[in-house]
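Read the figures in this text as sums done on the coordinates, not as results from a lab. Not measured: the values here are computed from a predicted model. We place every Cβ from the backbone using ideal geometry, glycine too, and count neighbours over all the protein chains shown.
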Amino acid sequence: MGRDVVPTQALPARRSARFGFTAAPGSTDDGRIRRITQHLPATYAASLFEAEAAGAPEQQLQAVLAEGLQHEYFKDRGRRADGLLVEFTDIDYVELSL
């Protein structure tokens, strides 16, 4: 990532990783490899770039990506699955486009 660029718009992002989630009691989905293309909202993109520029460990960068994907894809921008928590592990690749 470029240290001198902080995005102000959503970034196209492609990911291949193991995604699983836990929701309401009794409602879980075991993790499985998924390939997801979804825009990373500007607020999450900026957080990702700022964390990377500050030298954050990769685990923290993964957490920002997971939270952004959780909000946009799994929770449909806050319109469903309020208590859902997404796990983002076994990352194959992540591609971000400026």
> Taking H as built 1.01 Å from N, whose amide H comes closer than 5 Å to the amide H of residue 10, not counting residues under 5 places away?
Replying inline: 42
> Which of 88, 42, 78 sits closest to the plus end of the dipole of the stretch 33-98, meaning its Cα is farthest towards the positive end, when Lys and Arg get +1 and Asp and Glu get -1 on the C-beta?
Replying inline: 78
